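The values are calculated or read from the model by the stated rules, or taken from the named source; none is laboratory data. These figures come from a predicted structure and were not determined experimentally. Here Cβ is always computed from backbone atoms with ideal geometry, including for glycine, and neighbour counts include all displayed protein chains. Surface accessibility is based on the protein's heavy atoms, side chains included, excluding ligands, DNA and RNA. Shrake-Rupley method; radii C 1.70, N 1.55, O 1.52, S 1.80 Å.
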Amino acid sequence: GAGVSQSPRYKVAKRGRDVALRCDSISGHVTLYWYRQTLGQGSEVLTYSQSDAQRDKSGRPSGRFSAERPERSVSTLKIQRTEQGDSAVYLCASSSGAPLEAFFGQGTRLTVV
Amino acid sequence: AQRVTQPEKLLSVFKGAPVELKCNYSYSGSPELFWYVQYSRQRLQLLLRHISRESIKGFTADLNKGETSFHLKKPFAQEEDSAMYYCALSSYSGSRLTFGEGTQLTVNP
């Protein structure tokens, strides 16, 4: 079956605008993660959610980042009032449980101009 | 709190040389440790996990609870090993998977 899929692959946003990034995880996976990957800073966790939790916000102190999970295998990462520092690759990953493997999407490259 | 530290951002070795990528962690409970790898233009993927005690692509990693380390080793590096390597930690319950900052390994011919 299909792996983790993210859309769009590339996104350009004007500073101050809100953006939404989509992740379709693997059916049956209960845990879903959002990470931000930047050069020199590796991958930092933004949010994670388990089971049917629709909203979870953790890891990143800024309230501008949030994730919603309208369906168990779909998550939307929302970034409010984007800043140039938000330019990065955003990775989604899902896992069927721990301590098992997390499967990653190909990422969405966000550029804030 | 969970924390993973990879002290080397860049590591360069010659083909055939041994390689060790360092990883240290801090976690109060029983950790599950992983190594993930990202080859050029590919997605991040699992390389190995300590509970499996297996060797993947010639790589091994031993969990040292006394030193809180999980270093990745390979006795003879190959050019195709060039990639970004991330050490990761999870609690046994899997509530959160935390990554280190990554080490870019370059194996020169």
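Using a Debye calculation, one point per C-alpha and no hydration shell, please list log10 I(q)/I(0) for segment B:3-108 at q = 0.14, 0.15 Å⁻¹ in order. After summing over all Cα pairs, the log10 values are -0.49, -0.56. Summing charges over neighbours of A:S5, with a neighbour being any other residue whose Cβ is under 12 Å away from its Cβ, gives +2 when K and R count +1 and D and E count -1.
Applying D = kT/(6 pi eta Rh) to the protein assembly as shown, where Rh is the Kirkwood radius over alpha-carbon pairs, T corresponds to 37 °C and eta to 0.692 mPa s, the Stokes-Einstein value obtained is 184 µm²/s.
For segment B:1-46, heavy-atom accessible area (probe 1.4 Å) falls by no less than 40 Å² from the chain alone to the full protein assembly at B:Y36, B:R43, B:L44. Farthest towards the positive end of the charge dipole of the protein assembly as shown, among the residues B:A17, A:L110, B:G29, is the Cα of A:L110, using unit charges on the Cβ of Lys, Arg, Asp and Glu. Each residue of segment B:40-48 in order: what ³J(HN,Hα) in whole Hz does its phi give by Karplus 6.51 cos²θ - 1.76 cosθ + 1.60, θ = phi - 60°, with x for Gly and Pro? Using θ = phi - 60°, the values come out as 3, 6, 10, 7, 4, 9, 6, 9, 7 Hz.
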